[in-house]
Amino acid sequence: MDALLSEDERLLRDSVRSYLDAKIAPIVTEHERARTFPWHRLAELYEFGYVRGVVPEADGGDGASHMVLALLMQEAGRCWGSLRTTLNVQSMLARVLSTAGTPEQKERFLRPLLAGQRFGWFALTEPDAGSDAGALRTTARRDGDDYVINGRKLYITNALAGDFGVVLARVPDTGEVSAFLVDRTESEYQAYDIPHMPLRATTSCELVFDQTRIPAANLLGELGRGLALAMSGVNLGRLNMAMGAVGLSQACLEACVDFARTREQFGRPIAGFQLVQEMVVQVATLTETARLLGYQAARTLDAGLPGRYECSMAKYYCGEAVGQAATLALQVHGGAGLMEESPVERYFRDAREATIPEGTSQIQILHLGKHLLGVSALR
């Protein structure tokens, strides 16, 4: 697979992997058990191109290629799912701020975000609006120099830790959805963690806005263009999820190979048993086919093509493939894989998340079906 990468791309991948293995991997277990996250380490990672890579140089970013971004997310996924999803959210915020932010908003939110001084969240999903983003009920009513927000958001990643965020809300006067920057230092809202199965070093929160006032200057982008702004980064989000899943599949493969070579049963290493070899080969095949789809999506975007079809297919296949790879990896480990001291226990939990954010596998199928057949199954 290295033949598909340039020398610079291989060097970046290897340097990022070495850093993550040396500096981040040793602290994963303690943070997973404590359900904490090392926020102070993110600025170091930004030096490789994480988060900054999605922002043009004019706004203080690196302006990296989609292929570089894909490799970065692959390595984050291989190391730690909680790291991958945290970097993904920060990248989404950086992208929308760079795309639609005013000079004042960029100075206040984007630049400290890129410096690792501020961290945020992105609030779209609601109790009755997830895959159907057009069904949002949270409202933002204009009142003088402010907007007053009322409503609830669900499953918002790291909303407890972030000191600002982007909220999608419907403006009653127009009926259209707009995006708003909410700063914890100036606006009151409630955030509650919802205990969840995967990504235990992150929080998945309910946000409650009850007459929450924000300055009108915090409108992000044009009024009524909130959903369009959110969807402007859909390819990047799906590619990030796909390549994070590829990285996790790679971690499953490496764990299988190491365990099979050292675990002995019936007087010899289990690597010599045909059924074990079959499972390891299946993990390897799932990993490499997923990687190819991810690379193809990244190269398509870098060629200046829309890439909606390629990114959607990569998100669908890579998410499903990592679930199968993690299940096989746990089976190779047997009882040891069920123990929290084994990394594959975490891989198994984290892999299950890959089929849901940035559009579930079922939503991806419907997008792909519309592309292939010309008929929408949604509306």
Placing one equal point scatterer on each C-alpha of the range 1-111 and summing with Debye, one gets log10 I(q)/I(0) at q = 0.12, 0.17 Å⁻¹ equal to -0.45, -0.84
Over all Cα pairs of the chain, the Kirkwood radius sets Rh, and Rg/Rh then becomes 0.98
Sorted by mean Cβ packing within 10 Å, highest first, what order do the peptides 278-290, 363-375, 320-332 take? 320-332, 278-290, 363-375
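Tell me the net charge near D132. Cut-off is 11 Å between Cβ atoms, D132 excluded, with +1 for each Lys or Arg and -1 for each Asp or Glu.
Details: positive: R379; negative: E126, D128.
Local charge sum for D132: -1.
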Can you list the lysines whose alpha carbon sits under 18 Å from that of K315, skipping same-chain ones fewer than 8 residues off? K370
Cα centroid separation - the range 1-44 against the range 221-285, whole Å: 15
Placed amide H near W121: partners under 5 Å, 5+ positions off or other chain: F164, G165, V166
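What is the sum of charges, Lys and Arg at +1 and Asp and Glu at -1, for the other residues whose Cβ falls under 13 Å from the Cβ of L236?
Numbers: positive: R95, R238, R308, K315; negative: D302, E310, E358.
Its environment carries a net charge of +1.
When N is the residue count of the range 119-202, what does its C-alpha Rg come to as a fraction of 2.2 N^0.38 Å? Walk me through the intermediate numbers first.
Values: Rg = 13.2 Å, N = 84, 2.2 N^0.38 = 11.8 Å.
Cα-based Rg divided by the globular estimate yields 1.12.
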Straight-line reach from K106: which aspartates and glutamates have a Cα under 16 Å away, not including same-chain ones fewer than 8 places off? E57, D59, D62, D163, D183, E222
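Can you tally the net charge around G165? Count Lys and Arg as +1, Asp and Glu as -1, for every other residue whose Cβ sits under 10 Å from the Cβ of G165.
Summing Lys and Arg as +1 and Asp and Glu as -1 gives 0.
Over the residues of the range 235-358, compute the C-alpha Rg and express it relative to 2.2 N^0.38 Å. Can you show the working numbers first?
On the way: Rg = 15.8 Å, N = 124, 2.2 N^0.38 = 13.7 Å.
Normalised Rg, Cα atoms only: 1.15.
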As I understand it, the value is the acute angle between the Cα axis of helix 343-353 and the longest principal axis of the Cα atoms of the chain; what does it come to in degrees, rounded to 10? 40
Listed highest first by mean packing, meaning other Cβ atoms within 10 Å per residue, what order do 60-72, 79-91 come in? 79-91, 60-72
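Any read-out appearing in this document is the output of simple, stated calculations on the displayed coordinates, not a laboratory observation. These numbers were taken from a predicted model, which means no experiment stands behind them. So basically every Cβ, Gly included, is an ideal-geometry build from the backbone, and we count neighbours across all protein chains shown.
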